[in-house]
């Protein structure tokens, strides 16, 4: 029995139907992919915050040093070079790594694409907030940081880890804001959908938080924009429109007292 082949019109109809189905399904698949990356990121910060808590349990309640360093004692070290493996080795040599896991992948959000860009070339996605044994009180950061865990009031309301997008090639130092002069200093990273970032809290929990201010969102995204990062400024005065975002971060920014 002779079979009938598709006509050109029938073939074009089939192709059109497939194209329509792909147009419908691709956004949904992208949302699922983004949600999966967000889930991994939140789990990473749960792991990091639990490691941070275990460190203080083994060290007479003292917090791991929250800034980056050249020698042992800081939670991570400054990388010795610009290659990704240099940056991974700086994580392995940090004081927190023995409490984390056997892999450095937990230090990186899967939505952070900086390691794929040779002009930025970063690996670690997270920084410790300056008030958590981070900034030096002798600096211009307006605070005296916590040294002991017992100094932290209401740990469930104070964040330790922040997703940061430092345009210098790695997240240098700790994540800082100015409580006294009411200004932003360091950008946070916005790699997730709906303008969200992940935060890790001092009680061991982690969650996604959505930012509201367009000016702040644009400022943070500029940090990882290769075409704009050369003119990026680390200081952004608080504006009226970002009062809600600033108040949220200020309320969660732990420190002993203002200088």
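A few comments on the model shown:
- Checked against (1) surrounded by fewer than 20 Cβ atoms within 10 Å (Cβ to Cβ); (2) modelled with pLDDT under 95, residue 150 passes all but condition (2).
- Residues (in contact (Cβ under 8 Å) with a residue 24 or more places away in the chain and either part of a helix (DSSP H, G or I) or surrounded by 15 or more Cβ atoms within 10 Å (Cβ to Cβ) (or both)) located in region 223-235: 223, 224, 229, 232
- Unique residue being farther than 30 Å from residue 36 by Cα and part of a loop (DSSP other than H, G, I, E, B) when the list is 173, 139, 169: 139
- Residue 249 outside any loop (DSSP other than H, G, I, E, B) and closer than 20 Å to residue 37 by Cβ: no
- Against the numbered list (1) in contact with a strand residue (DSSP E or B) (Cβ under 8 Å, 6 or more places away or on another chain); (2) crowded, with 18+ Cβ neighbours inside 10 Å; (3) farther than 16 Å from residue 166 by Cα, residue 126 comes up short only at (3).
Conditions (1) part of a helix (DSSP H, G or I); (2) modelled with pLDDT of 95 or more; (3) closer than 26 Å to residue 37 by Cα, marked per residue:
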position	(1), (2), (3)
76	no, yes, yes
79	no, no, yes
86	yes, no, yes
102	no, no, yes
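- Selection of first residues in region 240-259 that are over 18 Å from residue 174 (Cα atoms) and of second residues that are assigned to a helix (DSSP H, G or I), restricted to Cβ pairs under 8 Å at least 6 apart or on distinct chains, gives the following pairs, ordered by first then second residue: 241/214; 241/215; 242/215; 242/216; 245/216.
- Boolean, residue 213 is closer than 25 Å to residue 54 by Cα and surrounded by 15 or more Cβ atoms within 10 Å (Cβ to Cβ): no
- Residue that is nearest to the chain's Cα centre (by Cα), among those in region 57-97 that are closer than 24 Å to residue 158 by Cβ and surrounded by fewer than 17 Cβ atoms within 10 Å (Cβ to Cβ): 73
- Enumeration of residues in region 104-129 that are out of contact with any helix residue (DSSP H, G or I) (no Cβ under 9 Å at 6 or more places or on another chain) and either assigned to a helix (DSSP H, G or I) or closer than 24 Å to residue 199 by Cβ (or both): 113, 114, 116, 127
The values are calculated or read from the model by the stated rules, or taken from the named source; none is laboratory data. Note that the structure is predicted; figures quoted are calculated from it, not measured. Ideal geometry is used to build each Cβ from the backbone, glycine not excepted, and the neighbour counts take in all protein chains shown.
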